[in-house]
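Below: the structure, in structure tokens.
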Amino acid sequence: MILQSWRLFGVSVIIIIYICSVLLFSINSSPRSNQKNERIERFSEFANFHNSRFRGFTSKANIRWCNGLKYLKTNVPNNMITTVSALSTNKVATTENIKDDAVYRIPGLTALASFPGSGNTWLRYLLQQATGILTGSVYKDYGLLKTGFPAENVRNNSVLLVKTHEFGPKAWDPFTKAILLVRDPEKAILAEFNRQSGGHIGFASPDRYKRTKGKYWQKFVLKNLKMWEATNLSWARDFSGSIKVVFYEDLVGNLEVTLRGILNFLEFPINEELFSCTLIRREGVFRRKKRFLNFDPFTISMRSMIKQKKLEVYKYLENLK
């Protein structure tokens, strides 16, 4: 009788161990672990911020400004202007001396509007070099905040102009004038894909184009081609203030003439010494270097759609130049 009890106890222990083993195995194989992998994949595009290749950009950039940067003199109260600490490499004026050291500016606010990837940051850099005046933004990009654009998120007339990728009545409302920066949609979409995956001056890895057998990239192109068209045409057609269309290709190919035209539109006096310095230091650190892929990410149908949209939009915009 006692022997049978021990046998029953032994069998029970074996069954319990078996059940625990099955449960443990099922937990390790459950969808929860897959969710963790998906989370890592989803945020892998931000890994570059911890990558040594990008440390030079996310730390204080050693930019040689042609002149110390400062705010415009304005009737905006000082407490509405973001205070900026003076940087040894960037020479930025603080709001404490804005009344004594700032440049007079007539009331009004100018937008620097563009679809992402169109060269907005590079043009801001050029304008800060040519004028010595800070440019603002409707966004607060911490990477740019630390690398030459301390007036990020300043959106009043204490800055030369304000960067935006938005469009529509609410986006237009604060502005009396606008510079619309337009870039070839194929290059703009590619630049934005690289920015989302590799930061402002980084690149998307070749594997990103092939994600989900290329469907991810295909959807990205289709979605952003529509946004490129909507951004440019809405500003061009519906913005009620004065607008100047600037093609990125003109900025690259004929910088001197194009930049003079922009400064004239802003009604900002050109300092020839600063202007010459800007032409010498035109590159800066905000233009992505060229990289050649060993495959063409754009299919024939993609290129056909992009070409058609470009012809339609450029035809309309050319009449506004």
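We did not get these values from a lab; they are worked out from the coordinates using the rules stated. If you're wondering where the values come from, they're calculated on a predicted model, not measured in any experiment. All Cβ positions, glycine included, derive from the backbone under ideal geometry; neighbour counts span all protein chains shown.
Below, the figures for the structure above:
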item	result
Rounded to whole Hz, the Karplus (6.51, -1.76, 1.60) HN-Hα couplings of segment 264-276, x for glycine and proline	5, 5, 6, 6, 9, x, 8, 8, 4, 5, 5, 5, 5
Derived scalar couplings ³J(HN,Hα) [segment 300-316; Karplus, 6.51 cos²θ - 1.76 cosθ + 1.60; whole Hz; x for Gly, Pro]	4, 5, 4, 4, 5, 5, 5, 4, 5, 5, 4, 4, 5, 6, 5, 4, 6
At R0 = 25 Å, FRET efficiency that the Cβ-Cβ distance of M305 and R237 yields, to 0.05	0.75
Fully extended contour minus Cα-Cα distance, from D141 to I16, at 0.36 nm per residue	39.3 nm
Calculated from backbone phi, Karplus (6.51, -1.76, 1.60) coupling profile of segment 224-240 in Hz, x at Gly/Pro	6, 5, 5, 5, 4, 5, 5, 4, 6, 6, 5, 5, 5, 8, 10, 5, 7
Potential lengthening between N153 and E256 on full extension [0.36 nm per residue; Cα-Cα distance subtracted]	34.2 nm
Stretch gain in nm, segment K187-K226, where the contour uses 0.36 nm per residue and the Cα spacing is subtracted	12.6 nm
Built amide H within the under 5 Å cut-off of F247, gap 5+	V182
Amide proton proximity set for V154, modelled H, under 5 Å, gap of 5+	S137
